[in-house]
1. Just to check your reading of the model, which residue among 225, 197, 213 is of a type outside the set (Phe, Trp, Tyr), assigned by TED's automatic domain parsing to the domain that holds residue 163 and over 19 Å from residue 140 (Cα atoms)?
2. Scan the stretch 85-96 and tell me whether some residue there is in contact (Cβ under 8 Å) with a residue 12 or more places away in the chain, loosely packed, with under 14 Cβ neighbours inside 10 Å, among the hydrophobic types (A, V, I, L, M, F, W, C) and part of a strand (DSSP E or B).
3. Test residue 155 against the stated conditions and say whether it is over 30 Å from residue 123 (Cα atoms) and crowded, with 21+ Cβ neighbours inside 10 Å.
4. Please determine whether any residue of the stretch 211-222 is surrounded by 16 or more Cβ atoms within 10 Å (Cβ to Cβ), out of contact with any helix residue (DSSP H, G or I) (no Cβ under 9 Å at 6 or more places or on another chain) and either at pLDDT 95 or above or in a strand (DSSP E or B) (or both).
5. I need the full set of residues from the stretch 1-39 which are in a helix (DSSP H, G or I), of a type in the set (A, V, I, L, M, F, W, C) and under 21 Å from residue 76 (Cα atoms), in order please.
6. Is it the case that the stretch 131-151 has a residue that's of a type in the set (Asp, Glu), modelled with pLDDT under 95, farther than 21 Å from residue 212 by Cα and outside the structural domain of residue 54 (by TED's automatic domain parsing)?
Amino acid sequence: MRNIKLTLQYDGAAFHGYQQQPNGDTVEARLKDAIAQILSEQATVYGCSRTDAGVHANDFCCNFKTQSDRPCDKIMRGLNAVLPPQIAVTACEDVSPDFHARYSCLGKEYVYKIWNGKTRNPFLLERALFYPFELDVPLLHAQAQAFVGTHDFAAFCAAGSEVKTTGRTVYRCKVEREGDLVTFTVCGNGFLYNMVRIMVGTLLDIQNGKIERGTIDAILRSGDRTRAGVTAPPQGLYLNRVFYEEGGWQDGTL
């Protein structure tokens, strides 16, 4: 029995998230159908995350067990031939039997994109949040540094989460601008349900004056979801990278 690791990219606008569900088209369902089609097996696929409807992935890892002896390059070509165009397998490899895409993952990096032009960009429809109001990027970057460290992020977790603990470590985060595109990048050892979107919403509420500057530390300590900002829409969010080895991803050198 082989353990196969797949790396995917997908445009989440077309799907009701990654995880398979009774109603709605999902990335996991499409991937399982594709595996069954090319390997004639019903595989259980383990994903590294449960991205929500409308959320994208630049680097998503999953694994499944198979008795097929088909080489990895042929598995990859076969999957890409039958998957919808919004999903691409970018790598396929044999891994150790104990590898698990979710439980072996040491950290993740997310990117949230905001189009901060005066007019909408039709080429970024469902790919970035259109926000035509002022964004003080140096201010937001400075405010975001309060997220760095090990904290209880209960105030930044949406209702409905089934996690046992809300403590997480954020290694680094930054807000930067390139022309009209503003990006929020955050890297941590794990993220709660809607955590990154609430972090972004909080920064936007600091910008528009709904939340006082310099209060993120107090919001974290409170554990009160009502004190944090709105949940930013999903279309700007990308799972950017996942990490399975110790290294420079914590300090940004990788």
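The values are calculated or read from the model by the stated rules, or taken from the named source; none is laboratory data. If you're wondering where the values come from, they're calculated on a predicted model, not measured in any experiment. Quick reminder, even Gly has a Cβ in these numbers, built from the backbone with ideal geometry, and neighbours come from all protein chains shown.
1. Values: 197 fails: over 19 Å from residue 140 (Cα atoms); 213 fails: over 19 Å from residue 140 (Cα atoms).
Just a single option satisfies the conditions, and that option is 225.
2. Yes, the stretch 85-96 contains at least one residue that is in contact (Cβ under 8 Å) with a residue 12 or more places away in the chain, loosely packed, with under 14 Cβ neighbours inside 10 Å, among the hydrophobic types (A, V, I, L, M, F, W, C) and part of a strand (DSSP E or B).
3. Answer is yes for this residue.
4. No, because not a single residue in the stretch 211-222 is surrounded by 16 or more Cβ atoms within 10 Å (Cβ to Cβ), out of contact with any helix residue (DSSP H, G or I) (no Cβ under 9 Å at 6 or more places or on another chain) and either at pLDDT 95 or above or in a strand (DSSP E or B) (or both).
5. Of all residues in the stretch 1-39, those in a helix (DSSP H, G or I) come to 12-14, 27-39.
Still in the list and also of a type in the set (A, V, I, L, M, F, W, C): 13-14, 27, 29, 31, 34-36, 38-39.
27, 29, 31, 34, 35, 36, 38, 39, listed by residue number.
6. Kept after step one, since they are of a type in the set (Asp, Glu), are these residues of the stretch 131-151: 134, 136.
The next check asks that each one be modelled with pLDDT under 95; those that pass are 134.
Still in the list and also farther than 21 Å from residue 212 by Cα: none.
Checked the stretch 131-151: no residue is of a type in the set (Asp, Glu), modelled with pLDDT under 95, farther than 21 Å from residue 212 by Cα and outside the structural domain of residue 54 (by TED's automatic domain parsing).
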